[in-house]
Amino acid sequence: MTIVRDDEHSDGAPTIEGTGIRVKDVAEAYEHSGYDPDEIVQLYPDLTLGDVHRALAYTGRQNG
């Protein structure tokens with residue numbers, strides 16, 4: 001899936017398409033809670049490992 005923005009959902013925050021899961025939530029699980037990508041998939045079963053990596057890469061581009 002891809003990263004999308006929709007002003008009608010999640011206040012326009014980037015989300016993973018088709019899930020409603022915010023990129024920010026994935027990044028916080030990784031950076032602040034210390035979960036690895038496999039654990040994040042367990043937290044958010046609608047995501048694939050590829051989705052998690054795309055979300056983390058997106059966050060890195062936005063912050064970098």
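Read through the list (1) assigned to a loop (DSSP other than H, G, I, E, B); (2) modelled with pLDDT under 95; (3) surrounded by fewer than 14 Cβ atoms within 10 Å (Cβ to Cβ), then give the number of the only condition that Met1 fails.
Condition not satisfied by Met1: (3).
Being charged (D, E, K, R) and loosely packed, with under 13 Cβ neighbours inside 10 Å: is that true of Glu39 here?
It is false that Glu39 is charged (D, E, K, R) and loosely packed, with under 13 Cβ neighbours inside 10 Å.
Would you confirm whether or not the range 14-23 contains a residue that is in a helix (DSSP H, G or I), at negative phi and either in contact (Cβ under 8 Å) with a residue 12 or more places away in the chain or more than 11 Å from the chain's Cα centre (by Cα) (or both)?
yes
Residue check: is Leu49 in contact with a helix residue (DSSP H, G or I) (Cβ under 7 Å, 6 or more places away or on another chain) and loosely packed, with under 12 Cβ neighbours inside 10 Å?
yes
The values are calculated or read from the model by the stated rules, or taken from the named source; none is laboratory data. The model shown is predicted, which means the values in this text are computed figures rather than measured ones. Note that we place each Cβ from the backbone using ideal geometry, even for glycine, and neighbour counts take in every protein chain shown.
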